[in-house]
Amino acid sequence: MLRNVLYTWSDGAEITILHALAAALIFLLAQTVILLINRRLLGLMFKESSNQQFDQVKMRRYTRFFVNLVAIVLLLEILKVPTDFLSKSIGVSTEETGAITLGKILNVILIIYAAGGIAWLSKKFILTPFFNKKNLDQGRQHALLQFSMYVVYTLAAVFVLSQVMRDITILAGAFAGLAVGIGLGLQQTFNDLLSGIIMLVEGTIEINDTVIVQGKQAKVKKIGLRVSTLETPDQMIWLVPNSKLVIDHVLNWSHNNNATRFSIAVGVDYKTTPKQMIQVWEEVCSSNKTVLQKPAPSVQLVAFGDFSINFELFFYSNAFHNIEQIKSDLRFELFEVLKAHDIDIPFPKQVIVSSSKIDPLT
């Protein structure tokens, strides 16, 4: 009874009740797998946050697509469906592409959809966990993820062209000539792109680093593939081409993740002893939380001036972005402490000597 013929295809292939039952079983099994993955497995993988819910919806979409795709392939095989219709032209044909068939169109759709799935899955389950394990900052993660997406979609575009074009070398030659023209016109742009990749790979400049570029202090807010976004202490946004950060001389205070030494110059009266200045400076620095006590603040006697003893007051801090405000706060506090200790800051004095002669004829 199970071998009774239900349908016969044009090529003579027969579908029996057994084939129909097997096809129904495959269909039910595919829907069960989709249901189990979407409701059980994905519920354990993703939390209930808004971002996680978005990822869960996207994962359900890809799961449904790929499981149904495998089920359709198995159903075509079990039901012995002729696939020669996929190679028939739909009426559009060119010398470069040949006949446009339904099979080519389906291949292009599958490649694009698969590229999106591979890009998202690799980002979510491979690249992002790896970057988090390496403690990469969010800016570098975003840039590297974007670069990896470009690679995936570029490869997908090559596969699409290989499906459509008869001879892809013709297109490659055209792109080569076009690339030469674009390269000459956009030489600086490509230089910035390459510099961005170098920064991402080497990690010489990272997000939240405080740098000195062309004599200006700024904090790195974002590293793009072509330009980086910097923020000055007065909260102005500065867009700097990546080549400037790679080729030019850049001072990066945050690169070694250690505190940096800064200094304040002051001249005091000759009645002041170096020991007094050491005590004053320690008192000033102890009241400021942004000044580190290890390494300890220090004092150097720089020179004996005409009117004052000149000292250089050193301190360590890792609050690089607000260092000018910190210096100002320390100067305010230093001024008050010097007054409290009766230490004067002398000012230049000029002595004018005049001589008058009496004319004997008058």
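The values are calculated or read from the model by the stated rules, or taken from the named source; none is laboratory data. What you see is a predicted model, and the numbers here were worked out from it, not measured in a lab. Cβ sites come from the backbone with ideal geometry, for glycine too, and all protein chains shown count toward neighbours.
Overview of values
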read-out: Filter pass, Phe315 being assigned by TED's automatic domain parsing to the domain that holds Leu334, outside any loop (DSSP other than H, G, I, E, B) and within 30 Å of Thr229 (Cα to Cα); value: yes
read-out: Sole exception among (1) surrounded by fewer than 13 Cβ atoms within 10 Å (Cβ to Cβ); (2) modelled with pLDDT under 70 for Ala143, by number; value: (1)
read-out: Breaking point among (1) out of contact with any helix residue (DSSP H, G or I) (no Cβ under 8 Å at 6 or more places or on another chain); (2) modelled with pLDDT of 70 or more; (3) loosely packed, with under 13 Cβ neighbours inside 10 Å, for Thr189; value: (3)
read-out: Residue match in the stretch 206-217 (condition: over 30 Å from Phe147 (Cα atoms) and either aliphatic (A, V, I, L, M) or outside the structural domain of Gln141 (by TED's automatic domain parsing) (or both)); value: yes
read-out: Any pair with Cβ under 8 angstrom, 6 or more apart, that starts in the stretch 272-289 at a residue that is among the polar types (S, T, N, Q) and ends at one that is in a helix (DSSP H, G or I) and crowded, with 21+ Cβ neighbours inside 10 Å; value: Asn288/Leu330
read-out: Identity of the residue in the stretch 106-120, β-branched (Val, Ile, Thr) and closer than 15 Å to Val158 by Cα, that ends up nearest to the chain's Cα centre (by Cα); value: Ile112
read-out: Some residue of the stretch 236-246 being on the phi > 0 side of the Ramachandran plot, surrounded by fewer than 11 Cβ atoms within 10 Å (Cβ to Cβ), part of a loop (DSSP other than H, G, I, E, B) and not assigned by TED's automatic domain parsing to the domain that holds Phe332; value: no
